[in-house]
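So the structure is just underneath, and the comments pick up after that.
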Amino acid sequence: MKPLIYGLHFNNLRGDIYGGLVATVVALPLALAFGVTSGAGAIAGLYGAIFVGFFAALFGGTPAQVSGPTGPMTVVMAEVLLLYVHQPALAFTVVMMGGVIQILIGLLKWGRYIRLVPFPVISGFMSGIGCIILILQIPALLGHSPKPEGVLATLRAIPEFWDSLDPQAVGLTLLSLGIVSLTPVRIGQWVPPPVLALVIGTLTAYFWLPAAPVIGEVPEGFPTLIIPTFQADLLLVMLESAAILALLGTIDSLLTSLICDNLTRTQHDSNRECIGQGIGNIVAGFFGGLPGAGATMRSVVNIRTGGRTPLSGMLHAVFLLAILLGLGPLAEKIPLAVLAGILLKVGIDIIDWWFVRHVVHAPRADVLIMLVVLGLTVFVDLIQAVGVGVVLANLLFVKRMGEFEESRLRIITHEAPEPPLISEEAAILARNNGQIILIHIDGPMSFGSANNMVRRLERVRQFSTFKSVVLDLSDVPFIDTSAAKAVEDMIRMTREHKQHLFFVGMQPQLVKVLRGLDVLSLIHRDHHYAKRLDALRHAALMAGSRHPEDRPLSRGEKENLSSTSL
């Protein structure tokens, strides 16, 4: 029986307390910044960090992982809030729906399949998210309020922002960005750079730049409950938004889980992690918090400072709640420009620089997918970006596989002794040149290559003049319905030309498919062979060969051939 809390024990209590405390210090400025960027307010970021952090740790499957609002999830949530700007209850209902989808993914044990999303799609999406975060910081960088309409409105307003930029805001942003980017590792081990930037930037503004725009009022106390709200005409749109939140949150969390596994030399439970993240997001939605996922930076900090069990993630949430209940007035004084500097670093780090560095030498198709997804993410729609990226990646993959499969089709009429033929087989074809045609396929057959294989056979010069056709599928491990239909088309083509058809050495999986689709019934039972040589000898006889080595079979030889049939 599985334990209620995955990986929980109390043998590392001191390390978990310290890891949770340090993770809290890192999470606080990020939660506030993500809340402001989303448009829901700083408090929503804190609520998300508290509820997702606690319940994902409690019910999840990665013991040392710390969860909360992340850059990608925040950008998606900002899009959702824009859709329901006058009905925020609908937006947080979408968060709850996303959590339900995550739980279903876990219960259906689909967690391991999420990682099958092609890398160029993930790369383009993450880089697009990074670009969005960078663009959304432009107003705060120049001393203006953010544009609630999103990325395009922000880009259009840049000339206006530039004409009336605030030097104080620019200075604070650059100070904050410099601290998070250039803090020496030795100092960063004791004080996380985002915390250092938050403290120094806020104190600088308080004493010397009092006119710099700040967060403003942060509500204190426990949040009020949000009742789920639905509208029939918006249900499909809400489901689409919930699905992308669930998919992105699951991918983000499971990738972070892999990092945690590498650091702790443990093995996470993907499906359980999906369930834990889903529960956390449902609770966050009920209390107006941002959706979250496994957060890489917070998780790494937690592990490196001693955290090893779910207790560290739960304590991080409890510490954040204590801060919320007692230090809200202090958070109100944090300048928006300071948070912008911290988030600029987050956006830069989210961009997939590994792929960017290798883009010149990467396969052109992968580069195309990455750029298309990036462009759609930034300028069109996050949901469409992922959908188009996955479809495009799969179409290109099918095209490449189809070309590969087609290249494994050999049409042989007379051949020197070389693969796939042995010398005796080549001799039979040579003696019966123009009478026997051998079709040999090496590898899987799928819908990507099926039609082209038939067309290629149709283009064989004087195909109808051959008397015997040997179709060798002994090296085909897999076949789908489209390919099975192509095989049927080949068989019917030979019937139209009144040719003798012989099948060779089909593997059990292939036989099962062809028999189930009633393709084998089109072939004479005595024309099924396990060995190609036997089929070629029979084909030569049926083609009218009088060569001594192609002699008619005796009764005993026929019985022997029959025993080798499938």
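Here is how the numbers come out for the structure above:
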item	result
Check on Gly402, outside the structural domain of Val469 (by TED's automatic domain parsing) and either in a loop (DSSP other than H, G, I, E, B) or surrounded by 18 or more Cβ atoms within 10 Å (Cβ to Cβ) (or both)	yes
All positions within the stretch 493-514 that are within 42 Å of the chain's Cα centre (by Cα), in a helix (DSSP H, G or I) and in contact (Cβ under 8 Å) with a residue 12 or more places away in the chain	Gln509, Leu510, Val511, Val513, Leu514
Single match in Val460, Val386, Val390, Val454 (criterion: in the same structural domain as Gly128 (by TED's automatic domain parsing) and modelled with pLDDT under 80)	Val386
Lone qualifier among Gly347, Gly341, Gly326 - being part of a helix (DSSP H, G or I), modelled with pLDDT under 85, more than 28 Å from Gly61 (Cα to Cα) and among the small types (Gly, Ala, Ser)	Gly326
Set Ile135, Ile101: member being touching a residue at least 24 places away in the same chain (Cβ under 8 Å) and under 19 Å from the mean Cα position of the chain (by Cα)	Ile101
Some residue of the stretch 61-83 being closer than 24 Å to Phe397 by Cβ and either modelled with pLDDT of 90 or more or not assigned by TED's automatic domain parsing to the domain that holds Arg298 (or both)	no
Count - residues of the stretch 276-321 that are out of contact with any Pro (no Cβ under 8 Å at 6 or more places or on another chain), crowded, with 24+ Cβ neighbours inside 10 Å and assigned to a helix (DSSP H, G or I)	14
Number of the exception - Glu332 against (1) surrounded by fewer than 24 Cβ atoms within 10 Å (Cβ to Cβ); (2) modelled with pLDDT of 90 or more; (3) more than 27 Å from Leu13 (Cβ to Cβ)	(2)
Residue within the stretch 507-526 that is of a type outside the set (Ser, Thr, Tyr), over 18 Å from Val454 (Cβ atoms) and touching a strand residue (DSSP E or B) at 6+ places or on another chain (Cβ under 6 Å) present	no
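Yes or no, residue by residue, for (1) closer than 24 Å to Glu273 by Cβ; (2) outside the structural domain of Pro192 (by TED's automatic domain parsing); (3) in a helix (DSSP H, G or I):
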| position | (1), (2), (3) |
| --- | --- |
| Ile5 | yes, yes, no |
| Leu8 | yes, yes, no |
| Leu21 | yes, no, yes |
| Thr24 | yes, no, yes |
| Pro29 | no, no, yes |
| Leu32 | no, no, yes |
| Thr37 | no, no, yes |
| Ala40 | no, no, no |
| Leu46 | yes, no, yes |
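The values are calculated or read from the model by the stated rules, or taken from the named source; none is laboratory data. Computed from a predicted model, the values in this text were never measured in an experiment. Cβ: placed from backbone, ideal geometry, glycine included. Neighbour counts: every protein chain shown.
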